[in-house]
1. Hey, what's the chain come to in accessible area per residue, 1.4 Å probe, Å²?
2. Run the helix sum for the chain: -39,500 (n - 2.57) per DSSP H stretch of 4+ residues, divided by residue count, reported at 222 nm to the nearest 500 deg cm²/dmol.
3. Taking the chain, how many lysine pairs are there with alpha carbons less than 18 Å apart, if each pair must be eight or more places apart or span two chains?
4. Please pull out the direction-averaged projected area of the chain, using the convex hull of its alpha-carbon atoms, in nm² to one decimal place.
5. Taking DSSP loops as anything outside H, G, I, E and B, show the longest stretch in the chain free of trypsin sites (Lys or Arg not before Pro) there with at most 14 other beta carbons within 10 Å.
6. Using a 10 angstrom cutoff on alpha carbons, build the Gaussian network for the chain and name the most mobile of GLU36, GLU222, GLU124.
7. Can you tell me how much longer the chain between VAL125 and SER77 gets when fully stretched, taken as 0.36 nm per residue apart minus their C-alpha distance, in nm with one decimal?
8. Output the 0 to 90 degree angle, nearest 10, between the alpha-carbon long axis of helix 123-133 and the longest principal axis computed from the alpha carbons of the chain.
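The values are calculated or read from the model by the stated rules, or taken from the named source; none is laboratory data. These figures come from a predicted structure and were not determined experimentally. Cβ: placed from backbone, ideal geometry, glycine included. Neighbour counts: every protein chain shown. Heavy atoms of the whole protein, side chains included, go into the accessibility calculation; ligands, DNA and RNA do not. Shrake-Rupley method; radii C 1.70, N 1.55, O 1.52, S 1.80 Å.
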Amino acid sequence: MNDSVMKLTGLNKSFINGAGNNHVLKQVDFSVYSGEMVAILGQSGSGKSTLLSIMGLLDKADSGQYFLCDHDVNTLSDYQLSLLRNKHIGWVFQNFNLIADMTVGENLSVPLRFNKSISRVDYEVRIDDVLRQVGLQDKKLFYPAELSGGQQQRVAIARALICQPDIILCDEPTGNLDSTNSDNVMELLSALNREGKTVLIITHDPAVAACCQKAYKIHDGEVASMSPMEFKHAV
Ligand SMILES: Nc1ncnc2c1ncn2[C@@H]1O[C@H](COP(=O)(O)OP(=O)(O)OP(=O)(O)O)[C@@H](O)[C@H]1O
Ligand SMILES: [Mg+2]
(Lines give C-alpha, C1' and ligand atoms only; values in the text may rest on other atoms or scores of the structure.)
(Ligands and ions follow the chains in the order given, each with its own letter.)
Protein backbone atom coordinates (compact mmCIF):
# COMPACT_ATOMS: atom_id res chain seq x y z
CA MET A 1 0.00 0.00 0.00
CA ASN A 2 3.05 2.28 0.29
CA ASP A 3 4.02 2.56 -3.35
CA SER A 4 3.31 5.93 -4.86
CA VAL A 5 1.62 5.48 -8.22
CA MET A 6 1.73 9.21 -8.89
CA LYS A 7 4.51 11.34 -7.47
CA LEU A 8 4.95 15.03 -8.22
CA THR A 9 7.90 17.05 -6.95
CA GLY A 10 8.56 20.76 -7.42
CA LEU A 11 5.96 20.96 -10.14
CA ASN A 12 5.14 24.32 -11.73
CA LYS A 13 2.53 25.35 -14.28
CA SER A 14 1.74 28.82 -15.58
CA PHE A 15 -0.59 30.18 -18.22
CA ILE A 16 -0.06 33.40 -20.10
CA ASN A 17 -3.22 35.41 -20.48
CA GLY A 18 -4.26 39.00 -21.16
CA ALA A 19 -3.41 39.97 -17.60
CA GLY A 20 0.08 38.46 -17.76
CA ASN A 21 1.56 35.34 -16.25
CA ASN A 22 -0.80 33.23 -14.16
CA HIS A 23 1.32 30.93 -11.99
CA VAL A 24 -1.31 28.28 -11.20
CA LEU A 25 0.76 25.46 -9.64
CA LYS A 26 3.75 26.48 -7.53
CA GLN A 27 6.41 23.97 -6.55
CA VAL A 28 3.79 21.31 -5.98
CA ASP A 29 4.83 18.19 -4.06
CA PHE A 30 2.11 15.60 -4.04
CA SER A 31 1.91 11.81 -4.01
CA VAL A 32 -0.92 9.36 -4.41
CA TYR A 33 -0.39 5.78 -3.26
CA SER A 34 -1.62 2.54 -4.72
CA GLY A 35 -5.17 1.69 -3.68
CA GLU A 36 -6.01 5.09 -2.23
CA MET A 37 -9.20 7.05 -2.77
CA VAL A 38 -8.34 10.71 -2.55
CA ALA A 39 -10.31 13.96 -2.83
CA ILE A 40 -8.90 17.28 -3.98
CA LEU A 41 -10.79 20.39 -2.97
CA GLY A 42 -10.19 24.03 -3.73
CA GLN A 43 -11.91 27.16 -4.90
CA SER A 44 -12.91 27.66 -8.51
CA GLY A 45 -9.85 28.65 -10.49
CA SER A 46 -7.42 27.29 -7.88
CA GLY A 47 -5.88 24.83 -10.35
CA LYS A 48 -7.61 21.52 -9.62
CA SER A 49 -8.32 20.63 -13.26
CA THR A 50 -4.88 21.85 -14.29
CA LEU A 51 -3.30 19.51 -11.73
CA LEU A 52 -5.44 16.56 -12.79
CA SER A 53 -4.69 17.18 -16.49
CA ILE A 54 -0.98 16.99 -15.76
CA MET A 55 -1.40 13.88 -13.60
CA GLY A 56 -3.51 12.28 -16.34
CA LEU A 57 -0.93 13.15 -19.02
CA LEU A 58 -3.29 15.43 -20.92
CA ASP A 59 -1.04 18.43 -20.24
CA LYS A 60 2.57 19.01 -19.27
CA ALA A 61 4.10 20.93 -16.41
CA ASP A 62 6.54 23.75 -17.12
CA SER A 63 9.07 22.37 -14.64
CA GLY A 64 9.39 19.82 -11.88
CA GLN A 65 9.14 16.07 -11.92
CA TYR A 66 6.28 13.68 -12.31
CA PHE A 67 6.56 9.93 -11.93
CA LEU A 68 3.58 7.88 -13.04
CA CYS A 69 3.90 4.23 -12.05
CA ASP A 70 7.67 4.75 -11.77
CA HIS A 71 7.95 6.29 -15.24
CA ASP A 72 9.59 9.70 -15.36
CA VAL A 73 7.16 11.39 -17.73
CA ASN A 74 9.70 14.11 -18.65
CA THR A 75 11.77 11.49 -20.45
CA LEU A 76 8.94 10.07 -22.58
CA SER A 77 7.88 10.90 -26.14
CA ASP A 78 4.29 11.87 -26.92
CA TYR A 79 3.71 8.37 -28.26
CA GLN A 80 5.07 6.76 -25.09
CA LEU A 81 2.93 9.11 -23.01
CA SER A 82 -0.20 8.10 -24.91
CA LEU A 83 0.59 4.40 -24.36
CA LEU A 84 1.13 5.03 -20.65
CA ARG A 85 -2.11 7.00 -20.42
CA ASN A 86 -4.07 4.31 -22.19
CA LYS A 87 -2.63 1.57 -20.00
CA HIS A 88 -2.92 3.17 -16.57
CA ILE A 89 -5.55 5.91 -16.57
CA GLY A 90 -9.30 6.09 -16.92
CA TRP A 91 -10.97 9.53 -17.00
CA VAL A 92 -14.36 10.62 -15.73
CA PHE A 93 -15.50 14.19 -16.40
CA GLN A 94 -18.28 16.36 -15.02
CA ASN A 95 -20.14 16.57 -18.32
CA PHE A 96 -19.69 12.87 -19.21
CA ASN A 97 -18.05 13.64 -22.61
CA LEU A 98 -19.94 10.86 -24.39
CA ILE A 99 -20.18 11.06 -28.18
CA ALA A 100 -23.81 11.93 -28.94
CA ASP A 101 -24.21 10.14 -32.26
CA MET A 102 -22.69 6.88 -31.03
CA THR A 103 -24.53 4.24 -29.04
CA VAL A 104 -23.35 3.29 -25.57
CA GLY A 105 -21.56 0.25 -27.01
CA GLU A 106 -19.89 2.34 -29.71
CA ASN A 107 -18.78 4.93 -27.14
CA LEU A 108 -17.19 2.14 -25.12
CA SER A 109 -15.33 0.84 -28.15
CA VAL A 110 -13.51 4.15 -28.73
CA PRO A 111 -10.67 3.67 -26.18
CA LEU A 112 -10.28 0.05 -27.34
CA ARG A 113 -9.49 1.21 -30.86
CA PHE A 114 -6.53 3.18 -29.49
CA ASN A 115 -5.24 0.18 -27.58
CA LYS A 116 -3.39 -2.12 -29.95
CA SER A 117 -2.89 -4.78 -27.29
CA ILE A 118 -6.61 -5.57 -27.22
CA SER A 119 -7.84 -7.77 -30.03
CA ARG A 120 -10.97 -6.72 -31.93
CA VAL A 121 -12.60 -10.10 -31.22
CA ASP A 122 -12.51 -9.23 -27.50
CA TYR A 123 -14.28 -5.88 -27.87
CA GLU A 124 -17.83 -7.12 -27.27
CA VAL A 125 -16.86 -9.22 -24.24
CA ARG A 126 -15.08 -6.22 -22.71
CA ILE A 127 -18.01 -3.92 -23.44
CA ASP A 128 -20.51 -6.36 -21.92
CA ASP A 129 -18.27 -6.81 -18.85
CA VAL A 130 -17.93 -3.11 -18.05
CA LEU A 131 -21.62 -2.46 -18.68
CA ARG A 132 -22.44 -5.22 -16.21
CA GLN A 133 -20.01 -3.67 -13.72
CA VAL A 134 -21.90 -0.36 -13.82
CA GLY A 135 -25.33 -2.03 -13.92
CA LEU A 136 -26.27 -0.94 -17.46
CA GLN A 137 -26.07 -4.19 -19.41
CA ASP A 138 -29.44 -3.47 -21.05
CA LYS A 139 -28.37 -0.05 -22.43
CA LYS A 140 -25.73 -1.05 -24.97
CA LEU A 141 -27.78 0.04 -27.99
CA PHE A 142 -29.08 3.27 -26.43
CA TYR A 143 -27.81 6.71 -27.42
CA PRO A 144 -26.52 9.01 -24.62
CA ALA A 145 -29.51 11.36 -24.95
CA GLU A 146 -31.82 8.42 -24.18
CA LEU A 147 -30.21 7.99 -20.73
CA SER A 148 -30.49 9.95 -17.48
CA GLY A 149 -27.53 12.01 -16.30
CA GLY A 150 -26.66 9.37 -13.72
CA GLN A 151 -26.80 6.62 -16.34
CA GLN A 152 -24.63 8.68 -18.70
CA GLN A 153 -22.05 9.11 -15.95
CA ARG A 154 -22.09 5.35 -15.31
CA VAL A 155 -21.43 4.80 -19.04
CA ALA A 156 -18.55 7.27 -18.73
CA ILE A 157 -17.21 5.23 -15.79
CA ALA A 158 -17.59 2.06 -17.88
CA ARG A 159 -15.59 3.77 -20.61
CA ALA A 160 -12.94 4.71 -18.03
CA LEU A 161 -12.72 1.02 -17.04
CA ILE A 162 -12.65 -0.55 -20.48
CA CYS A 163 -8.86 -0.70 -20.85
CA GLN A 164 -8.57 -1.98 -17.26
CA PRO A 165 -6.60 0.96 -15.86
CA ASP A 166 -5.29 0.92 -12.30
CA ILE A 167 -6.01 4.65 -11.78
CA ILE A 168 -9.29 6.51 -12.22
CA LEU A 169 -9.14 10.30 -12.37
CA CYS A 170 -12.42 12.12 -11.86
CA ASP A 171 -12.97 15.85 -12.42
CA GLU A 172 -16.19 16.79 -10.58
CA PRO A 173 -17.83 13.44 -11.41
CA THR A 174 -21.04 14.34 -9.58
CA GLY A 175 -21.13 18.03 -10.53
CA ASN A 176 -24.08 17.61 -12.90
CA LEU A 177 -26.00 15.01 -10.88
CA ASP A 178 -28.76 15.14 -8.31
CA SER A 179 -28.05 13.68 -4.87
CA THR A 180 -29.45 10.20 -5.64
CA ASN A 181 -27.43 9.81 -8.82
CA SER A 182 -24.45 11.33 -7.08
CA ASP A 183 -24.70 8.70 -4.33
CA ASN A 184 -24.91 5.93 -6.95
CA VAL A 185 -21.82 7.18 -8.75
CA MET A 186 -19.90 7.46 -5.47
CA GLU A 187 -20.95 3.93 -4.47
CA LEU A 188 -19.65 2.69 -7.80
CA LEU A 189 -16.33 4.54 -7.47
CA SER A 190 -15.97 3.29 -3.87
CA ALA A 191 -16.60 -0.29 -5.03
CA LEU A 192 -13.94 0.08 -7.72
CA ASN A 193 -11.55 1.41 -5.08
CA ARG A 194 -12.27 -1.60 -2.85
CA GLU A 195 -11.40 -3.81 -5.83
CA GLY A 196 -7.99 -2.15 -5.92
CA LYS A 197 -8.30 0.85 -8.23
CA THR A 198 -6.59 4.06 -7.16
CA VAL A 199 -9.20 6.82 -7.38
CA LEU A 200 -8.56 10.56 -7.41
CA ILE A 201 -11.56 12.87 -7.30
CA ILE A 202 -11.80 16.62 -7.70
CA THR A 203 -14.89 17.90 -6.00
CA HIS A 204 -16.67 20.84 -4.43
CA ASP A 205 -19.09 18.49 -2.71
CA PRO A 206 -18.37 17.61 0.94
CA ALA A 207 -20.45 14.42 0.61
CA VAL A 208 -18.12 13.26 -2.16
CA ALA A 209 -15.02 14.10 -0.13
CA ALA A 210 -16.49 12.15 2.79
CA CYS A 211 -16.36 8.97 0.65
CA CYS A 212 -12.57 9.34 0.35
CA GLN A 213 -9.89 8.23 2.78
CA LYS A 214 -7.78 11.35 2.33
CA ALA A 215 -8.38 14.92 1.24
CA TYR A 216 -6.07 17.63 -0.05
CA LYS A 217 -6.73 21.25 -0.86
CA ILE A 218 -5.21 23.51 -3.45
CA HIS A 219 -4.67 27.04 -2.24
CA ASP A 220 -2.37 29.74 -3.63
CA GLY A 221 -0.96 27.21 -6.07
CA GLU A 222 0.07 24.72 -3.40
CA VAL A 223 -1.35 21.32 -2.58
CA ALA A 224 -1.67 20.61 1.13
CA SER A 225 -3.07 17.73 3.08
CA MET A 226 -6.25 18.68 4.90
CA SER A 227 -6.01 18.24 8.64
CA PRO A 228 -8.59 15.96 10.27
CA MET A 229 -10.24 19.12 11.67
CA GLU A 230 -10.41 20.88 8.29
CA PHE A 231 -11.66 17.71 6.63
CA LYS A 232 -14.31 17.28 9.29
CA HIS A 233 -15.32 20.92 8.89
CA ALA A 234 -15.49 20.55 5.10
CA VAL A 235 -17.66 17.48 5.29
N1 LIG B 1 -5.68 26.58 -21.20
C2 LIG B 1 -5.63 27.62 -20.36
N3 LIG B 1 -5.18 28.82 -20.79
C4 LIG B 1 -5.09 29.88 -19.95
N5 LIG B 1 -5.43 29.83 -18.65
C6 LIG B 1 -5.88 28.66 -18.17
C7 LIG B 1 -6.01 27.51 -18.99
N8 LIG B 1 -6.49 26.48 -18.24
C9 LIG B 1 -6.66 26.99 -17.00
N10 LIG B 1 -6.29 28.29 -16.95
C11 LIG B 1 -6.31 29.16 -15.78
O12 LIG B 1 -5.70 28.46 -14.71
C13 LIG B 1 -6.40 28.68 -13.49
C14 LIG B 1 -6.83 27.34 -12.90
O15 LIG B 1 -7.80 26.75 -13.74
P16 LIG B 1 -8.43 25.33 -13.43
O17 LIG B 1 -9.34 25.00 -14.55
O18 LIG B 1 -7.34 24.37 -13.14
O19 LIG B 1 -9.24 25.65 -12.09
P20 LIG B 1 -10.20 24.70 -11.23
O21 LIG B 1 -9.67 24.69 -9.84
O22 LIG B 1 -10.37 23.40 -11.92
O23 LIG B 1 -11.55 25.53 -11.25
P24 LIG B 1 -13.09 25.00 -11.30
O25 LIG B 1 -13.42 24.56 -9.90
O26 LIG B 1 -13.84 26.25 -11.68
O27 LIG B 1 -13.19 23.93 -12.32
C28 LIG B 1 -7.56 29.63 -13.82
O29 LIG B 1 -7.17 30.93 -13.49
C30 LIG B 1 -7.71 29.47 -15.32
O31 LIG B 1 -8.18 30.66 -15.89
MG1 LIG C 1 -11.96 22.46 -12.87
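1. Values: 11600 Å² over 235 residues.
I get 49 Å² per residue for this part.
2. On the way: 8 runs with 80 residues, N = 235.
-10000 deg cm²/dmol, from helical runs alone.
3. 22
4. Working: hull surface 53.7 nm².
Over all viewing directions, the chain projects a mean Cα-hull area of 13.4 nm².
5. Details: sites that count: LYS60, LYS116.
The longest uninterrupted stretch comes out as 117-235.
6. Looking only at GLU36, GLU222, GLU124, the largest GNM fluctuation is found for GLU124.
7. Details: separation 48, 0.36 × 48 = 17.28 nm, distance 3.19 nm.
Full-extension gain reported as 14.1 nm.
8. Rounded to the nearest ten degrees, it is 70.
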